Amino acid sequence: MSKDLRNQASAAASQMGFSSLQEAVRVFMTKIARGAMEVSFQEPVKLSPRAVRRYEKMIQEMEQGKNTYVARDVDDLMRQLNGDTLPRKIS
């Protein structure tokens with residue numbers, strides 16, 4: 001294995017939350033041995049610039065408490081989801 005490939009894999013494993021490349025390989029091999037691994041290769045979804053702006057705006061509004069609601073209990077949540085009552089805004 002080339003040093004460049006190992007470094008790239010190590011960085012990717014770290015981004016995925018593994019403490020090391022060795023841990024990622026161990027988890028992968030354990031799952032294969034148990035028959036609990038499905039492998040698929042897909043290109044990651046790339047958002048359009050418009051979608052990126054939309055999601056950034058949504059995150060900003062959530063952080064500011066805009067368009068964010070609270071439910072007192074499960075029944076209140078279900079009423080809000082079903083449109084039976086107006087949701088209570090977070091103050």
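Laboratory data are not the source of any read-out in this text; all were calculated from the coordinates shown. Please read these numbers as outputs of a predicted model, since none were measured by experiment. Cβ placement follows ideal geometry from the backbone for every residue including glycine, while neighbour counts extend to all protein chains displayed.
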> Short version: ³J(HN,Hα) in whole Hz for each residue of region 42-57, in order, from phi by Karplus 6.51 cos²θ - 1.76 cosθ + 1.60 (θ = phi - 60°), x for Gly and Pro, what are they?
Replying inline: 9, 6, x, 6, 10, 6, 6, x, 5, 5, 4, 4, 4, 5, 4, 5
>> Only counting other Cβ atoms within 10 Å, I'd like L21, L77, L5 sorted with the fewest neighbours first.
In response: L5, L77, L21
> Between region 48-66 and region 1-35, what is the C-alpha centre distance in whole Å?
Replying inline: 33
>> Restricting to DSSP loop positions (anything but H, G, I, E, B) with no more than 10 other Cβ atoms inside 10 Å of their own Cβ, which trypsin sites (Lys or Arg not before Pro) remain in region 14-56?
In response: K46
> From the backbone phi of region 12-29, what are the Karplus-calculated ³J(HN,Hα) couplings (6.51 cos²θ - 1.76 cosθ + 1.60, θ = phi - 60°) in whole Hz, Gly and Pro given as x?
Replying inline: 5, 4, 5, 5, 7, x, 7, 6, 7, 5, 4, 5, 4, 5, 4, 4, 4, 5
>> Let's see if you can work this out: charge +1 on each Lys and Arg Cβ, -1 on each Asp and Glu Cβ, no other charges. What is the dipole magnitude of the chain about its Cα centre, in debye to the nearest 20?
In response: 260
> Ranking M1, M62 by Cβ neighbours within 10 Å, fewest first, what do you get?
Replying inline: M1, M62
> Farthest toward the dipole's positive end in the chain, which of A24, P49, V70, given Cβ charges of +1 (Lys, Arg) and -1 (Asp, Glu) about the Cα centre?
Replying inline: P49
> With contacts defined as alpha carbon pairs under 8 Å and 6 or more residues apart, what's the relative contact order of the chain in percent?
Replying inline: 14
>> Taking 0.36 nm per residue of sequence separation and subtracting the Cα-Cα distance, how much length would be gained by fully extending the chain between S10 and R53, in nm to one decimal?
In response: 12.4 nm
